[in-house]
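Some notes on the structure that comes next.
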Amino acid sequence: MSNVDTILEEARSHLKRLEPHELHGLKDALIVDIRPIHNRLAEGEIENSVVVERIVLEWRLDPVGDWRLPGFDADTTVVVVCNEGWASSLAARDLQRVGLANATDLVGGYRGWRAAGLPIREGGSQAVV
């Protein structure tokens, strides 16, 4: 097992990862897309997701931070989405560390969502910086 596999396994041991249909059934989750613009332009985005660049993720989602986004608190379920569900596991772990106990990610990432035939929108939304 590689070092990154070990780190990923440890991160996922603290997450209650969601399958695409489970996420689709949630009403109050904040869906955060961390994929690069070229992926979002080419493949689309999950409806009602917020695009946050990975480089500012912790600052924008710190529930008590001065730079936080409006509309969520420490109890909000935050679901991080990347392309295939790898980088999002590490990002969700980091969000738990800044105080979002219910942070998790999407099994299979955006591509798993899309393969499940769930609603998408045209990609290219402006990312929160």
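Values in this text are rule-based calculations from the coordinates and carry no lab data. Quantities reported herein were computed from a predicted structural model and do not represent experimental measurements. Positions of Cβ are backbone-derived with ideal geometry, glycine not excepted, and every protein chain shown enters the neighbour counts.
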The farthest towards the positive end of the charge dipole of the chain, of the residues Leu90, Ile55, Ala127, given +1 on Cβ of Lys and Arg and -1 on Cβ of Asp and Glu, is Ala127
Sorted by chain and then number, the residues having a modelled amide H within less than 5 Å of the amide H of Asp33, at least 5 places away or on another chain, are Val50, Val51, Val52, Val81
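Nearest 20 debye, what's the magnitude of the dipole of the chain about its Cα centre given +1 on Lys and Arg Cβ and -1 on Asp and Glu Cβ?
Value, rounded to 20: 140 debye.
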Would you mind classifying the chain by shape? Square roots of the alpha carbon gyration tensor eigenvalues, ordered a ≥ b ≥ c; an a/c under 1.5 is rounded, otherwise it is prolate if a/b is larger than b/c and oblate if not.
rounded
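At 0.36 nm per residue, minus the direct Cα-Cα distance, what do Asn48 and Glu10 gain on full extension? Give it in nm, one decimal, please.
So the chain would gain 10.7 nm between Asn48 and Glu10.
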Amide H neighbours of Gly85 at under 5 Å, excluding residues fewer than 5 places away on the same chain, with H built from the backbone geometry, are Gly109, Tyr110
